[in-house]
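All remarks here apply to the structure that follows.
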Amino acid sequence: MNNRKAVVLLSGGLDSATALAVARSQNFRLFAVSFRYGQRHSIELESAKRVADSLDVEKHLVLDIDLRAIGGSALTDNIDVPEMRSASDIGIGIPVTYVPARNTIFLSLALAWAEVLDSSDIFIGVNALDYSGYPDCRPEYIEAFERLANLATKAGVEGRSRLKIHAPLIGMTKAEIIRTGTVLAVDYSLTHSCYNPTREGLACGKCDSCQLRRAGFAEAGIQDPISYAAL
C-alpha cells in the first residue's frame with residue numbers, strides 16, 4: 001500500500017477540487033482539511049464533503065476558526081460583495097473579498113496536521129493567473145511559506161523530512177484548470193465557487209468568482225454543470 005500522505009486544502013471550490021484530484025493522480029493517500037471560518041455561507045463546506053467523498057479521501061477534517069471576529073473582508077464582514085465587474089477590473093488591485101492572511105492561517109493548520117500524520121506534502125489550489133489579485137496566491141508566497149514550514153517544524157529542524165507545498169495550478173489559466181480536472185474525472189457539479197449564493201444555494205452568477213468560473217468553462221469549451229441564479 002502506498003504510504004505517501006498528502007494534506008490537501010479543500011474549500012469545495014473548483015480549484016481546490018482539481019488540486020485534490022492532482023494529488024490523487026500522483027498516488028498520494030488523501031487527507032483533506034476544510035475550514036468553517038465565519039464565511040458568508042456553509043454551502044462550500046457541503047461541497048467540500050461531497051468532493052472529498054467522490055475522490056477517495058481517507059479523512060476529511062473540518063476546523064473551526066472565527067475570522068468573522070477579525071472581519072475586514074466581504075466574506076467575513078458586513079461588506080457588499082462586488083458584482084458584475086469586468087475582467088480588467090477584476091485584475092486590478094486587491095478586492096474586498098480578500099480575507100486577511102487566510103491562506104497563511106489555513107496553511108499553518110494544514111502544516112500542523114501534516115506533522116501529526118508524518119506527511120511531507122501539502123497541496124493547495126492557489127492560482128496566480130485567473131484570480132482576483134490575492135497576495136497569498138502568488139508563487140513567491142508559496143515559496144516563502146515552504147521555507148518557513150521547514151524552519152518551523154520539528155521534522156524540518158531535525159532533518160527527518162523536507163516539507164513541500166504543492167501548488168499544481170499556480171501557473172494555469174482557469175480554462176486549463178478545468179480541462180485538467182476533467183481529464184482527472186473531477187465532478188464539477190459537486191463544487192461551489194460563488195461568494196454570495198442565494199438562499200436556495202444557487203451561485204449568484206455576478207460575483208468575481210462566478211465570473212471567472214463562467215469564463216473558464218466557456219474558454220475550455222466545456223459546459224459548466226452548476227446552475228446560476230443570474231444568467
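The values are calculated or read from the model by the stated rules, or taken from the named source; none is laboratory data. This is a predicted model, so every value here is computed, not measured. Please note: Cβ atoms are built from the backbone with ideal geometry, for glycine as well, and neighbour counts cover all protein chains shown. Ligands, DNA and RNA are excluded from the accessible area calculation, which covers all protein heavy atoms including side chains. Shrake-Rupley method; radii C 1.70, N 1.55, O 1.52, S 1.80 Å.
Residue-wise test of (1) surrounded by fewer than 19 Cβ atoms within 10 Å (Cβ to Cβ); (2) within 21 Å of Asp136 (Cβ to Cβ); (3) modelled with pLDDT under 95; (4) over 15 Å from the mean Cα position of the chain (by Cα).
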| site | (1), (2), (3), (4) |
| --- | --- |
| Lys154 | yes, no, yes, yes |
| Gly159 | yes, no, yes, yes |
| Leu169 | no, yes, no, no |
| Ala175 | yes, no, no, yes |
| Ile178 | no, no, no, no |
| Val183 | yes, no, no, yes |
| Asp187 | yes, no, no, yes |
| Cys194 | no, yes, no, no |
| Glu200 | yes, no, yes, yes |
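Here is a yes/no grid of residues against (1) open to solvent by less than 70 Å² (accessible area, probe 1.4 Å); (2) outside any loop (DSSP other than H, G, I, E, B); (3) touching a residue at least 40 places away in the same chain (Cβ under 8 Å):
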position	(1), (2), (3)
Arg40	no, no, yes
Ser47	yes, yes, yes
Arg85	yes, no, yes
Ser88	no, yes, no
Pro95	yes, no, yes
Pro100	yes, no, no
Leu107	yes, yes, yes
Trp113	yes, yes, yes
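Sort through Arg36, Arg29, Arg4 and tell me the only one that's within 17 Å of Ser120 (Cβ to Cβ), open to solvent by 60 Å² or more (accessible area, probe 1.4 Å) and touching a residue at least 24 places away in the same chain (Cβ under 8 Å). Testing whether each residue is within 17 Å of Ser120 (Cβ to Cβ), open to solvent by 60 Å² or more (accessible area, probe 1.4 Å) and touching a residue at least 24 places away in the same chain (Cβ under 8 Å) leaves just Arg4.
Among the residues making up region 49-63, a single one is acidic (Asp, Glu) and either surrounded by 14 or more Cβ atoms within 10 Å (Cβ to Cβ) or under 16 Å from Gly12 (Cβ atoms) (or both): Asp53.
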